[in-house]
Amino acid sequence: MTAVHLGFPRVPGNRGPSGTPRPEHPGLVDSFGRVATDLRVSLTDRCNLRCTYCMPAEGLDWMPSEQVLTDDELIRLMRIAVELLGVTDIRLTGGEPLLRPGLERIVERITALEPRPRVSMTTNGIGLAKRAPGLVAAGLDRINVSLDTIDRERFAELTRRDRLPHVLAGLAAARDAGLSPVKINSVLMRGYNEHEAVPLLRFCLEEGYHLRFIEQMPLDAQHGWNRRDMITAEEILAMLGEAFTLSPFPAPRGGAPAERWLVDGGPGDVGVIASVTRPFCSACERTRLTADGAVRSCLFSNEETDLRSLVRAGARDEEVADAWRTTMWRKLAGHEINEAGFAQPIRPMSAIGG
């Protein structure tokens with residue numbers, strides 16, 4: 001990828017992977033010309049499911065509470081992102097964000113920032129049935145729910161918890177509370193649930209949900225990911241094509257991770273996020289903050305910057321912002337999953353945030 005010269009003065013001695021020094025740009029630019037405006041914030045590494053492709057049955061050693069950002073620290077970093085770094089979208093993730101105490105108040109404080117960011121959340125849906133109205137009242141704009149099967153027995157097998165009715169209730173409550181469109185994220189795995197591609201899409205079309213299939217990525221805690229077990233985007237589209245007529249979605253994709261397809265002419269559609277086989281790194285607009293205050297330039301990065309220590313040491317807003325800018329300037333051109341030297345991140349997905 002060719003470096004893009006953005007026309008701003010350079011910061012001496014601070015070079016990115018492309019070899020160019022960082023410009024005096026207020027936003028989160030990298031040396032390949034991308035600008036991050038979408039912040040993914042992990043509120044906790046804890047989760048109440050034990051999905052087989054994410055963590056072992058016994059769970060993980062969770063972060064000690066003193067390492068997790070306090071509400072005030074969390075809001076301060078998001079304020080810096082919005083006011084000083086040009087972030088316009090904030091997605092709350094985990095672990096499971098519904099396990100974060102005081103979540104509604106956190107959402108309320110985020111939506112009070114100026115300029116107001118768009119705020120969304122990715123959740124497993126357990127507990128959402130009771131809390132959807134309160135989250136909407138707090139200002140939550142959109143929600144994504146992770147759901148890989150609508151078969152109760154298979155759900156219990158995949159997640160090691162018999163909680164499918166709770167997830168379905170949460171989906172319905174989110175829709176009824178006005179969190180539209182409600183999106184469902186599904187991962188298909190060979191030998192487990194690949195035959196559910198069509199039933200999942202039928203379910204979503206009937207209920208008014210927007211389905212997004214995601215290729216399984218190497219982010220499991222046990223480092224057991226195997227490319228041969230992954231159902232590719234091409235396979236997913238072929239399976240769906242046996243039951244539906246798919247046509248390219250007319251609107252431009254932009255920086256969105258999903259390739260969208262109209263189903264039987266619309267208005268329903270389905271998306272496929274082909275992170276492994278059709279990487280979209282060149283259009284990436286994301287930056288990530290872990291629950292313990294580390295900023296990451298990429299989901300698959302093996303480097304991160306500790307902002308929590310800066311905050312707790314009394315750093316000024318601009319000092320924190322500049323450390324964030326430096327991290328993003330050093331972002332690589334791509335995640336390198338398909339390169340021979342790829343190394344899976346040490347942190348699992350539950351600790352990084354989706």
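What follows draws every value from the coordinates through simple rules; no lab data is involved. Note that the coordinates shown come from a computational prediction; the quantities given were computed from them, not determined experimentally. Here Cβ is always computed from backbone atoms with ideal geometry, including for glycine, and neighbour counts include all displayed protein chains.
R0 = 35 Å: FRET efficiency of A256 with K130, Cβ-based, nearest 0.05? It would help to have the intermediate numbers written out before the result.
On the way: r = 31 Å, r/R0 = 0.88.
That pair, A256 with K130, gives E of 0.70.
Tell me the volume per residue, in Å³, of the convex hull enclosing the alpha carbons of the range 145-196. Could the numbers behind the result be given before it?
Details: hull volume 3.6 nm³, N = 52.
Dividing the Cα hull volume of the range 145-196 by its residue count gives 69 Å³.
In whole Å, what are the extents of the range 195-330 along the principal axes defined by its C-alpha atoms, from largest to smallest?
Principal-axis extents of the range 195-330 (Cα, largest first): 58, 35, 27 Å.
Can you give the Rg to Rh ratio for the range 251-328, taking only C-alpha atoms and Rh from Kirkwood? List each step's numbers first, then the result.
Working: Rg = 17.6 Å, Rh = 15.1 Å.
Ratio of gyration radius to Kirkwood radius: 1.17.
Restricting attention to the alpha-carbon atoms of the range 30-157, what are Rg (one decimal) and Dmax (integer), both in Å?
Final numbers for Rg and Dmax: 16.0, 48 Å.
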